Amino acid sequence: MEIKRTIKYEADRVPGFGREIMSVPGCEALEHCIQCGTCSGVCPLSIYMDYTPRQVMELVRSDFKNEVLQSHTIWLCASCYACTVECPRQIRITDIMYELKQRAIKERVYPRRFPIPVLAEEFTRMVHDHGRISETRLVSRMYLRTRPLAAVGMAGLGLQLLKSGRFSWKQDRIKQREQIARIMEAVDRENGKTEA
Amino acid sequence: MKYAYFPGCSLKGTGRAYEESLVPVLRHLGVELQELEDWNCCGATAYMAVDEGKACAAAARNLALAEQTGLRQMLAPCSACYLVLNKAQHYLNEYPAMRQVVGRALQSVGLQCNGDTVVRHPLDVLVNDIGLEAIRQKVTHPLHGLKVAPYYGCQIVRPYATFDDQANPTSMDRLLEALGATVVRWPLKTKCCGGSLTGTLPEAGLRLSYILLKEARKRGADVIATVCPLCQFNLDSYHPQIAARWEPVRLPTVYFSQLMGLAFGLPAEQTVLHRGMVRFHPPPVPAPAGAEKP
Ligand code: SF4
Ligand code: SF4
């Protein structure tokens, strides 16, 4: 058993983090959170989360950056928007979860073995390179990178897909692929980033 | 009636039964679709988790292509595409800074997005543009006796409910009733199916699919009708895994458009029931009208 301190210290905060998140389009209303817990109550995945959505909202607002970026919660969020439509303060919780996922990916602090960030990365790379997603290839890549052994267990599913004519190994791509790359580079430029 | 059409990646892949059944049904109702030339992936939920500016730009390229068609209305049958395209539209209209970034990015490849294409779901078009009466008139093989659980899932009513009620949508219920089917009342019609978590974190994701299937069976449904390729995939594909973890809850899940094709008497290659992993066997053709006792 690992013995850890379960309360948070002032010193754990990363001052300014909450403000920073609240300045992102769609995340502004967070400052009005009344900690009612409606979001946690309606969230179909909260029973698996280390911090409930309500707790995540307060942790963000109170600058506990490391806790939220390393939480399982943001990866368990299935983007079902149930919390967002029920929140009495019109806080777009789903979009805040997206923003936290982005930061966790950028800072590479997501929990090991979590396939979701890998899926997101492979997904964006495929869109960038080809303009479209070929689901079978995407999912196979995700398995290979995260759980190669589990991929074997998925063979049955692949076979079923094959039988129903829904399995395709072909990489679908658009004609004007360079447009996508140029659009994405332009977004980076506009946002003042200089990514390699 | 003519609409621009954004199929999205799933409808060309694992969700092909949706396109294969929807296009003939709409044609049968006099609706013409013009597929966007060289459309790209909308970005789905994954892109938003990486960069919202790029997610918006990817979606906005399609909106720009839609504007070029001059049709002003675009059909997006996949729930994720529908949500993402609408969301991009909202961001561009609400946030001038985002509009500027995306606008310049599109400009760099000679595209322009004014943000005035209305992105619509087929259910919306069917119920509000075509109308249930016109649909009823095309029904030659009413689905009498078939108990259907209508499943809307998350992203067509949340967060931007534009054509139906957020908590209790009814457009598909009414559509199915117009086809002669019996609609099973169940409270889970907008609950999450687990999304991509069924594949990435099955211990959490599959449970949500399991609950949906179990409840639909408990309420006597013969089949679940869905509007989304990911929902269809989740409810149809993981029966062995669900049975191993909990209990067997086999029940077919088809697209609402496949049921429409059946009711319209369209040929098997347009109802594509063979695409299901849990095969749906429609009930035998009912006795001719008038022979029925109430
Ligand atoms: S529902 Fe809204 S106000 Fe209530 S705790 Fe959640 S985010 Fe805060
Ligand atoms: S959007 Fe995410 S946090 Fe909100 S209810 Fe759904 S799964 Fe939970």
Quick one: B:F163, B:F233, fewest Cβ neighbours within 10 Å first, how do they rank? B:F163, B:F233
For chain B, set up a GNM with springs between Cα atoms under 10 Å and report which of B:A60, B:A76, B:A167 has the largest fluctuation. B:A167
Where Rh denotes the Kirkwood radius from the mean inverse Cα pair distance, what is Rg over Rh for region B:2-120? 0.97
With an 8 Å Cα cut-off and a minimum separation of 6 or more residues, compute the relative contact order for region B:2-120 in percent. 31
Computed over region A:115-188: relative contact order in percent, which uses C-alpha pairs under 8 Å that are six or more apart: 42
Counting DSSP beta bridges in the protein assembly as shown, what percent are antiparallel, to the nearest 5? 0
Local net charge near A:A82, Cβ-Cβ under 14 Å (Lys/Arg +1, Asp/Glu -1): +3
For chain B, just say rounded, prolate or oblate: build the C-alpha gyration tensor, square-root its eigenvalues into a ≥ b ≥ c, call rounded for a/c under 1.5, and beyond that prolate if a/b exceeds b/c, oblate if not. oblate
If you rank A:I116, A:I93 by fewest surrounding Cβ atoms within 10 Å, what's the result? A:I116, A:I93
Give the distance, in whole Å, between the Cα centre of region B:157-221 and the Cα centre of region A:126-141. 28
Based on Cβ point charges of +1 for Lys and Arg and -1 for Asp and Glu, what charge dipole magnitude is obtained for chain B about its Cα centre, in debye rounded to the nearest 20? 700
Residue-normalised 222 nm signal for the protein assembly as shown, counting each DSSP H run of n ≥ 4 as -39,500 (n - 2.57), nearest 500 deg cm²/dmol, is -13500 deg cm²/dmol
Rounded to a whole number of µm²/s, how large is the Stokes-Einstein D of the protein assembly as shown at 4 °C and 1.567 mPa s, given Rh as the Kirkwood radius over C-alpha pairs? 56
Within 10 Å of each Cβ in A:128-135, the average number of Cβ atoms from other chains: 6
Pick out which of B:A181, B:A243, B:A263 has the largest mean-square fluctuation in a Gaussian network model of chain B, springs linking Cα atoms closer than 10 Å. B:A243
Given the candidates B:Y255, B:V125, B:Q73, the one whose Cα lies deepest towards the positive end of the charge dipole of the protein assembly as shown, counting +1 at each Lys or Arg C-beta and -1 at each Asp or Glu C-beta, is B:Y255
Cα shape, region A:115-188, gyration tensor, a/c 1.5 rule: oblate
Among the lysines, select those whose C-alpha is under 18 Å from the C-alpha of B:K12, and discard any that sit fewer than 8 residues away in the same chain. A:K163, A:K170, A:K175
With springs only between Cα atoms under 10 Å, which of B:D51, B:D116, B:D173 fluctuates most in a Gaussian network model of chain B? B:D51
Relative contact order (percent, whole number), chain A, Cα cutoff 8 Å, 6+ residue spacing: 17
A:I7, A:I74 arranged by Cβ crowding within 10 Å, fewest neighbours leading: A:I7, A:I74
List the residues, sorted by chain then number, that are 5 or more residues from B:E35 or on another chain and whose placed amide H is less than 5 Å from its amide H. B:Y5
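Any read-out appearing in this document is the output of simple, stated calculations on the displayed coordinates, not a laboratory observation. This is a predicted model, so every value here is computed, not measured. Neighbour counts are summed over all protein chains in view; Cβ atoms, including those assigned to glycine, are modelled from backbone coordinates with ideal geometry.
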